[in-house]
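Student: Quick one: the structure is below, and I'll ask about it shortly.
The values are calculated or read from the model by the stated rules, or taken from the named source; none is laboratory data. Because the structure is a prediction, the values reported are computed rather than measured. Positions of Cβ are generated from backbone atoms using ideal geometry, with glycine treated the same way; all protein chains shown enter the neighbour counts. When the accessible area is computed, the model is the full protein with side chains, heavy atoms only, and any ligands, DNA or RNA have been set aside. Shrake-Rupley method; radii C 1.70, N 1.55, O 1.52, S 1.80 Å.
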Amino acid sequence: MNIFVLVKQVPDTETRIKTKETGIDETGIKWIVSPFDEHALEEALRQKEKNGATVTALSLGPERCVEALRTAYALGVDKAVLLKDDSYNVFDVAYAAAAIAKYLQSAGADVILAGHIAIDSQSSMTPAMIAEHLGCANINNAIELSIEGGSVKVKREVEGGSGVMSSATPVVITASKGLNDPRYPSLKGIMASKKKQIESVDVASLGVSAPKVALASMEPPPPRPPGRIIEGDSPETKARELVKALREEAKVI
Amino acid sequence: MMAILTIAELKGDELKKVSKELLAAARGLGGEVIALLINGNDTHAKELLAAGADVVVKNTLAEYSPQGVANIAAEIAQKKGAKLALAPHSVQGRDYAGRLAVKLGGALVADVVSVKGSESAVEVKKPVYSGKAYANIKVQSPAVITVRPNSQELVTHSGSKVEDGGASAGEVKSVLKDLELTGGTKVQLTDASVVVSGGRGIKGPENWPILQELCDVVGAALGASRAAVDAGWIPHAHQVGQTGKTVSPNCYVACGISGAIQHLAGMGSSKVIVAINKDPEAPIFKVATYGVVDDLFTVVPALTAEFKKVLG
Ligand SMILES: Cc1cc2nc3c(=O)[nH]c(=O)nc-3n(C[C@H](O)[C@H](O)[C@H](O)COP(=O)(O)OP(=O)(O)OC[C@H]3O[C@@H](n4cnc5c(N)ncnc54)[C@H](O)[C@@H]3O)c2cc1C
């Protein structure tokens, strides 16, 4: 069985994001594997431990993404592939999905795992688009996964609860936080990962002609109207003042 | 004139508010607005016609699947000549919107909070990098755009046409089964217009009733910080933030929550933020519209009592 895990490299959550007209200022940014992709990686490794499988980590982006793939190696994946695109626009979901699907079409993927959302573009759409390109099922927000023979059974989150979706392979599945607790790389794994081979494929060579979206500009979050501390000599007077503000001034309740 | 397709979503027997918000966004772009209503009734259709739809297309789908919805929506879009589709950025929207975009041969932008321009060239704004920046993105149709619930002002309109779509779910590889809904009649987090959340400051699981009572009085959904979830005080489904749910209510009340960047990522676009925290230096006060520096165990019950009084 071939399991592919989509691993996106994103700025660390604690990184200060400085916007430029055409994107963010990348100087000083610490890059990490997008947190939900860690759950996808963990699940792939657990499935391998249980059923046996070849686990391949796949990333799309500029050369620096090899670091994310080294992290995947350190955790225990068998192979790593970088779809290299130096002018990658992280917001162009359709383009990324088309390129990844194109690669996967000939890679013999049985199960494709990804995080349910990437914390940079905040789109959560790429996996479903890949599934449509591959003509297979997509199952989002998995919290339990079992793979048997050529089929999967997934317990997934839905609004207000959970439900079950089953499918034959190939299938694209996204991981929610509840799926597992990701492991940490071992020191031995980290050392070994430095010597591992990373296959590099130029995205241009895949011949993708997907629609492009253009980033017009980036800006800091809209300023919040200045706040007000509700004063009062007791919790009751503060509560009264707050209710008045919410009902008469802000008109939200 | 070009057409824009919006995809309505139901929750139980009710039309979700976001279904009307999509119509408001579509009306701002010009073009004929067509609402696809799957498994809805005449009341839902009327509501859609009053909220911005020129035409409501009713269709049925026996079993829910992302592929089924995408196949139906694509067939209706093609029939109607719609090159732009707007869907809710909900759990379901995220299931099928990407598939629909591929079917329409189009681009996709997700989780937008503003939609401008015309149906052939749309400019959208969306939060990125955990809400630390906003991206303005230009999209040429064909395209699919998902819209964050609670981000649009509703409009009124008087459309009158209701049609049967007759589109088929087509070939489907997996359907949703064994639904288990928890929380019964309680308000859902992601489309709630008021959210009351508790953090580590609530001290333990035995204290949720203090917040739940306030929720019940104002019709709010109950949220939580990751610290409260990781402590095992409440299931993950309630977590708000970067690794939890994104909410955008009219009013977000943070009780005993410090306001870490990862928490702000999930609630930073709320219209009004109320912070109740006994530490005046807590970062949450930097984003709060109204702050109360006090013990939540005295303020929240007082707030509940006051709301009971004024809301009758
Ligand atoms: C990759 C990553 C992802 C994360 N994702 C999320 C996420 O999705 N959501 C999330 O919330 N966090 C997330 N976090 C965690 C986040 O960094 C914070 O640790 C967390 O939000 C803190 O929760 P808290 O505010 O409840 O607790 P604390 O930071 O401990 O704050 C508790 C607050 O309660 C106040 N308080 C205590 N007692 C009282 C009282 N009696 N009355 C009033 N106030 C009181 C204190 O003054 C304090 O400000 C993430 C972290 C990482 C690294």
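Student: Name the pairs whose Cβ atoms lie under 8 Å apart, with the first residue in segment B:197-223 and over 14 Å from B:Val300 (Cα atoms), the second within 13 Å of the ligand (Cβ to nearest atom) and assigned to a helix (DSSP H, G or I), and 6 or more positions between them or separate chains?
Tutor: If the second residue must be within 13 Å of the ligand (Cβ to nearest atom) and assigned to a helix (DSSP H, G or I), the pairs left are B:Arg200/B:Ala227; B:Arg200/B:Ala228; B:Gly223/B:His238; B:Gly223/B:Met267.
Student: Residues of segment B:59-94 being in a strand (DSSP E or B) and over 22 Å from the mean Cα position of the chain (by Cα), which ones?
Tutor: B:Asn59, B:Ala82, B:Lys83
Student: Something else about it: Give, as residue ranges, the strands (runs of 3 or more DSSP E) completely inside segment A:1-86 that count at least 3 residues that are buried (at least 22 other Cβ atoms within 10 Å of the Cβ).
Tutor: Result: A:2-6, A:54-61, A:79-84.
Student: Of the numbered conditions (1) open to solvent by 10 Å² or more (accessible area, probe 1.4 Å); (2) of a type in the set (A, V, I, L, M); (3) within 8 Å of the ligand (Cβ to nearest atom); (4) in contact with a helix residue (DSSP H, G or I) (Cβ under 7 Å, 6 or more places away or on another chain), B:Val217 satisfies every one except a single condition; which is it?
Tutor: In the conditions (1) open to solvent by 10 Å² or more (accessible area, probe 1.4 Å); (2) of a type in the set (A, V, I, L, M); (3) within 8 Å of the ligand (Cβ to nearest atom); (4) in contact with a helix residue (DSSP H, G or I) (Cβ under 7 Å, 6 or more places away or on another chain), B:Val217 misses (3) alone.
Student: Any idea which of (1) of a type in the set (A, V, I, L, M); (2) touching a strand residue (DSSP E or B) at 6+ places or on another chain (Cβ under 9 Å); (3) open to solvent by 10 Å² or more (accessible area, probe 1.4 Å) is the one B:Val240 doesn't satisfy?
Tutor: With respect to (1) of a type in the set (A, V, I, L, M); (2) touching a strand residue (DSSP E or B) at 6+ places or on another chain (Cβ under 9 Å); (3) open to solvent by 10 Å² or more (accessible area, probe 1.4 Å), B:Val240 is out only on (3).
Student: Here's a follow-up. Restricting the search to segment B:255-275, which residues are within 9 Å of another protein chain (Cβ to nearest Cβ) and near the ligand (Cβ under 6 Å from one of its atoms)?
Tutor: B:Gln262
Student: Scan segment A:161-183 and tell me whether some residue there is without any contact (Cβ under 8 Å) to a residue 24 or more places away in the chain, open to solvent by 30 Å² or more (accessible area, probe 1.4 Å) and not in a strand (DSSP E or B).
Tutor: There is no residue in segment A:161-183 that is without any contact (Cβ under 8 Å) to a residue 24 or more places away in the chain, open to solvent by 30 Å² or more (accessible area, probe 1.4 Å) and not in a strand (DSSP E or B).
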